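Heads up: the structure comes next, in C-alpha cells.
The values are calculated or read from the model by the stated rules, or taken from the named source; none is laboratory data. The model shown is predicted, which means the values in this text are computed figures rather than measured ones. All Cβ positions, even for glycine, are placed from backbone atoms using ideal geometry, and neighbour counts span all protein chains on display.
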Amino acid sequence: MRIAVSLWCAWAPRADALGGHFAVDDATILDVGQCQVETWLERGGSASELLHVGPACRVGPVEIGINADRAQAKSHSPVTFAGPQVKAVAAFADQLDIGVVAVAAWQGQAPHRGAASVYVPLSVRVLPSVRLHANAGRDWVEHGSTTSRAGVALEWQAHDRVALIGEGFRQFGANFARAGVHWEAGAFSVDLSRSFGASTRTSGWWTLGFNSSFDVAARASSDATIRP
C-alpha cells in the first residue's frame, strides 16, 4: 500500500488515536466538542513522498473530518487527493468497542477519479496496558477493482506518554507490516514508524507524524475573554 506501491493508495484512511498514519484504525472517536489536526510525511525507498493533512471534529454522535494528500512517485508529477471521512463508535462492553468508518476521495488532476472505503474497526483491551485492534472492510476505486481490506494491530502502552505499535494489514491486494512508536505530550503527539511490504518488489517506507487536539468550547471561551 501507500506510495511505495501506487499513487492511488495515498488517500486510504488511517487510524486516529493510534497515531494518524497507522493503517489499522482503533474504535475510538474524539470527545464531544473536541477537534484535532493530523499531519504526516511518508518517504519511500524509491524517492516517493506523501504529505497528509487531516482536520476532524466531533459533531454530535459522529466524528467528521477532511483528508487532503499530496503524493509524488519517482519520475512522476505530484497528485493530490481530497475528501470527507465520517466515523461512529459504540461501546458493547467495558473492554470492547466497535465502530464504522466511511471515507471518500477524489483526484485533483485529470482524469479526476474517485475512490471510497467502508470498514469496521474493533478494539479490545486484553491487558491493562495492551489493546488489540482489528479492521475489516472494502475499498472501491473508480474504473478499477473492488478489494477487501483487513488488519490487526497490537498497542502496548509502555509508558504514560509512550506507546509501541505493531500491525499487519492487507489493502489493494497486497500485504504489509509496520512497527512504530507514538509519543504524547498533552494535546500534542508525535509518531514514527517503519513499514515493510511482504513482496520483495515492494520497498519499505518511513513515516513521521505530528498531531494536535483542542477543545472548541474552551478555545472559543478563551478568545472571548481576551477581546477588549
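Restricting attention to the range 169-214, which residues are part of a strand (DSSP E or B) and either among the acidic types (D, E) or farther than 25 Å from G65 by Cβ (or both)?
Those that are part of a strand (DSSP E or B) and either among the acidic types (D, E) or farther than 25 Å from G65 by Cβ (or both): A174, N175, A177, A179, E184, D191, R194, F196, G197.
How many residues are crowded, with 19+ Cβ neighbours inside 10 Å and over 17 Å from the mean Cα position of the chain (by Cα) if we restrict to the range 145-185?
The qualifying residues number 1.
Conditions first: (1) closer than 21 Å to E155 by Cβ; (2) at pLDDT 95 or above. P55 passes all but one, so which condition is the exception?
(1)
With the condition kept exactly as written, say whether any residue in the range 169-181 is at pLDDT 90 or above and farther than 19 Å from N135 by Cβ.
Checked the range 169-181: at least one residue is at pLDDT 90 or above and farther than 19 Å from N135 by Cβ.
Checking R170 against (1) more than 21 Å from V101 (Cα to Cα); (2) touching a Gly at 6+ places or on another chain (Cβ under 8 Å); (3) among the charged types (D, E, K, R), which test does it fail?
Against the list (1) more than 21 Å from V101 (Cα to Cα); (2) touching a Gly at 6+ places or on another chain (Cβ under 8 Å); (3) among the charged types (D, E, K, R), R170 comes up short only on (1).
Among the residues in the range 129-138, are any among the small types (G, A, S), over 13 Å from A23 (Cα atoms), out of contact with any Pro (no Cβ under 8 Å at 6 or more places or on another chain) and buried (at least 19 other Cβ atoms within 10 Å of the Cβ)?
no
Looking at (1) modelled with pLDDT under 95; (2) of a type outside the set (K, R); (3) buried (at least 17 other Cβ atoms within 10 Å of the Cβ); (4) closer than 22 Å to V89 by Cα, can you tell me which one V216 breaks?
Exception for V216: condition (3).
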